[in-house]
1. So what's the range B:31-96 giving for Rg/Rh, alpha carbon basis, Kirkwood Rh from the mean inverse pair distance?
2. Can you find, among A:Q73, A:A40, A:S50, the residue sitting farthest towards the positive end of the charge dipole of chain A, where Lys and Arg contribute +1 and Asp and Glu -1 at Cβ?
3. Leaving ligands, DNA and RNA out of it, rank A:S29, B:S3 by accessible area with a 1.4 Å probe, largest first.
4. How far is the Cα center of the range B:9-52 from the Cα center of the range A:35-58, in Å?
5. What area, in nm² and to one decimal, does the C-alpha convex hull of chain A cast on average over all directions?
6. Too long at a 28 Å Cα-Cα cut-off: which of B:K58/B:K106; B:K69/B:K110; B:K69/B:K106; A:K94/B:K58; B:K71/B:K110?
7. I'd like the carbon and sulfur percentage of the solvent accessible area for the range A:17-94, probe radius 1.4 Å, heavy atoms only, ligands and nucleic acids excluded.
8. Measuring with a 1.4 Å probe in the full set of protein chains, what accessible area per residue, in whole Å², belongs to the protein assembly as shown?
Amino acid sequence: SQTIHQWPATLVQPVGSPLSLECTVEGTSNPNLYWYRQAAGRGLQLLFYSVGIGQISSEVPQNLSASRPQDRQFILSSKKLLLSDSGFYLCAWKNTGELFFGEGSRLTVL
Amino acid sequence: AQSVSQHNHHVILSEAASLELGCNYSYGGTVNLFWYVQYPGQHLQLLLKYFSGDPLVKGIKGFEAEFIKSKFSFNLRKPSVQWSDTAEYFCAEYNFNKFYFGSGTKLNVKP
């Protein structure tokens, strides 16, 4: 069966520090992969999506970037975190028409 | 850009009351529509989905949704809610490789 792993689950980082959130999917190949940010009362904001290795589409210009170095690996990064980057980040994958979510990463920038 | 609107941000119901949560989407072409639920402390999971065919879609746990193309709506319904339905509900639209979500509706069911 397919599973999605996302880590770390929680992260506290100082302003200006780098960020790396990682997501891997098991049990499938060539999935579409997504990064969302969930904020209270604002739903899920699509940040990046990828339809294949090395293919990244950005939805919202911001202080973050994404990479897909392998078929089932999706990484969310930042070179210098801002306070406004705090939030709950969700990785998700699509295969047969619906979206499956990871358990999320809570980022607090101090 | 496509958008999904959920009209009710917070709904409070008593057990056994009927539920209807509104959802409107903007894309005028062929759409795939979804309702997701997030129970407290849990990750998002699919309630139901509409791709084509019968516009009345049955989902898990007694939920259903009706696709009305002329109104660009996909409202979620349940005849009789339970305390365990307390959760946040998200409507979503998929097209062109992207899933767009509404802002969510928090449902609080009082026992």
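1. With Rh from the inverse mean 1/r over Cα pairs, Rg/Rh is 0.97.
2. A:A40
3. The ordering from most to least exposed comes out as A:S29, B:S3.
4. If we compute the Cα centre of each part, the gap is 20 Å.
5. 6.5
6. Over 28 Å apart, Cα to Cα: B:K69/B:K110; B:K71/B:K110.
7. Within the range A:17-94, the accessible surface is 50 percent carbon and sulfur.
8. It amounts to 47 Å² per residue over the protein assembly as shown.
The values are calculated or read from the model by the stated rules, or taken from the named source; none is laboratory data. Keep in mind the model is a prediction, meaning the values are calculated, not measured. Virtual Cβ from ideal backbone geometry, glycine too; neighbours counted across all protein chains shown. The protein model used for the area step is the full one, side chains on, heavy atoms only, and it has no ligands, DNA or RNA in it. Shrake-Rupley method; radii C 1.70, N 1.55, O 1.52, S 1.80 Å.
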